Structures are given as structure tokens and as C-alpha cells.
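Chemist: Quick one: this structure, given as C-alpha cells, is what I'll be asking you about.
Please treat every number below as a calculation from the coordinates, not as lab data. These numbers come from a predicted model, not from an experiment. Every residue, glycine among them, receives a Cβ derived from its backbone with ideal geometry; neighbour counts consider all protein chains shown.
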Amino acid sequence: MYKNLYKKSIFYLLNISILLINVYAEEINPKKEYELKRYLSQIIWEKVKEKKENTQKPLKWELYKNQTPIDFENNFKKNTKNKSNSINNNNEVLQSSTFFLSRGEKIIDYGLVNDNFDFYILKIGLTRAFNIDFSSELINSKNNSHNPNKIKNIFFEKGLRNLRGGATFQVFSQSRGRPISTNIRLSYGEKSGGLRNGYIFSEIINKYSISNWLSFNLNPKFSFTSFENVYSVSSSINLRLNPKFEIIPEANINLKNAENNFSFTGRTYLSKNIIIDTFVSNSFGVNDMAKQFKTESTKYGVNLKIRL
């Protein structure tokens, strides 16, 4: 009796063990198949039977590479290169709105304002740290003859052009991760006509960049004449709303013999070589000393920039 019970126990234990082994094998097989597909996805195994005339050789396995393998290394390098090119293109567009030009680069500006006021500007990059510029600006804003500011009355007369030539050199750049750059601009200007009164203008251009999308500018401005000097400080923000558009609010604050004024510019990047500015302003002009004074009424205009 005990012998039969012992045999039955052995029999049941063997069946249970076989059942557990089968269940475990069923769980292992999918994992093996998954690992095989994962690590051997580029390899095709083909069973080949080689035959010759009357000789039959045993079966053997031959290893073939996939006809269209995935080259992870080259794809990674290509994607990195494309990403780098995309960043460089964006940087070129961003740099097009900055003050400094590269060597041999030129920018031509043509602007038109609603009161039949127009201006031309040519900027030329001689080196990475030295630019020159020339401009012609027609003053067509009415100047109040009773204005106590005699500098404004002398240098800005309706219907006459102001001619200017100047240069900008770099003091500090934003290289090596520095967020601050400083440039200094000097120019000589005079109004056309009989008296041709002239002045020397200087500006310290300080730019603090938080990111590629946001920067602040604080620029002290000085105009030296044979009558009196004019001092002011300009503050502005460059805020890029998307890769093709940014806004630039700017205010000029009087320090001595100048006048408070403002401007608001919307800048559209049609390409890295073509930029269009639309602006609203009450400054007397767009360049140098003219931006240190204000008109009696607000004006609006457009400025086309072409980089060559």
C-alpha cells in the first residue's frame, strides 16, 4: 500500500515538474525571439545547400548582410551636420539685425516716411571689428521756429538733407559665451544748403544678450557742435517673437539739450539677406543727432534692408 502511494506521488511530482518547465519555456521563448529581433535585425540567415555535379555536401549556414543596412554612425553624423547647418543659418539671420558686419559684407537701407521724408544708408564691413557707413537723410518735418532749442533750429531745416559719414569699431565682442558686447561709433555730419553747419556725433553701443531671442541695449549718445553739445541716452529691447519677426521698442532720454522721443519697430526677416522694418516714431530722423530730437507729430514709415 505504501509502495503504491509512493509510486503515485513520484508520478504526480514528475507531471507537475514537466508542466512547470513547459510554462517557463513558453515565457522564455518570446523573450528570446524579441532579443533576436532586436540585436540581429540587420542580419538575414539563409540556409544554403551547395550542390555540385555528383557531389553532395552537408548543409551549412552562411551569413549575409542586409541589402539595405542601417548605418547608425553615418546617420548620426548627418543629422548632427544638418542640425549644425540649421543653427548656423538661424545665426546668420540673427546676425543680420546686429550692428556689425563681416569683412566685405554690405548693407543698403532705403527708407520712406509718410511726410515725404526719405533716407539712404550704406554700411560696409572692412574687417570683423571695423565698419564704415554713409547716409543721406531728407528732413521734411516742420520745425517750430519758436522752439528754444537753438541746436535743433540750426541743424534741422525742412527741405534740406543731412549728409553723414562715419565708422564703427569693436571694443568687446560676445565671443566665448560673453553676453555683453560694446562698439563705438563716430561720424561727421552736416546739412546741405548755404551754411552747411557740421557736427561730430559719437555713440557707445552696449548690447546685453540674454538669449538669441532677447537682448537689451543701452547707448549713450553725444553730439559736439561749435554752438553747444547735445547729450542723451537711448534704451531699447530686441524681442524675437519667432524666427522671422522681432519687435524693437526704443526710447531716447534727454540729458542735455536733447529731447525725449520714442520709436517702435517691427522687423520682418524675409530671408537672411532681405529685412523689412516698419516703424512708428516721433524722432526728428533715423540717424545720429536727428534721433536726439523729436517732431511735433508722430510719423510712420518703412525701411528696406538688403545685405550684399
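Chemist: Using mean Cβ contacts within 10 Å as the protection proxy, how do 165-173, 286-294 order, highest first?
Modeler: 286-294, 165-173
Chemist: Within segment 161-208, which trypsin sites (Lys or Arg not before Pro) sit in a loop by DSSP and count at most 16 neighbouring Cβ atoms inside 10 Å?
Modeler: Of the trypsin sites (Lys or Arg not before Pro), the ones in loops of segment 161-208 whose Cβ has at most 16 other Cβ atoms within 10 Å are R196.
Chemist: Contour minus end-to-end for I247 and T298, with contour as 0.36 nm per residue of separation and end-to-end as the Cα-Cα distance?
Modeler: 16.5 nm
Chemist: Moving on to the next point. Work out the FRET efficiency for N273 and I200 from their Cβ-Cβ distance, taking R0 = 41 Å, and round it to the nearest 0.05.
Modeler: 0.80
Chemist: I would also like to ask the following. Relative to the present Cα-Cα distance, how much length would full extension add between L308 and S235 at 0.36 nm per residue of separation?
Modeler: Net length gain for the segment: 23.4 nm.
Chemist: For F227 and K158 in the same chain, what is the full-extension length gain: residue separation times 0.36 nm, less their Cα-Cα distance, in nm?
Modeler: Separation in residues times 0.36 nm, less the Cα-Cα distance, equals 22.8 nm.
Chemist: Any of K123/K158; K123/K256; K152/K244; K123/K299; K191/K244; K191/K256 with alpha carbons more than 31 Å apart? Name them for me.
Modeler: In this structure, K152/K244; K191/K244 lie more than 31 Å apart at Cα.
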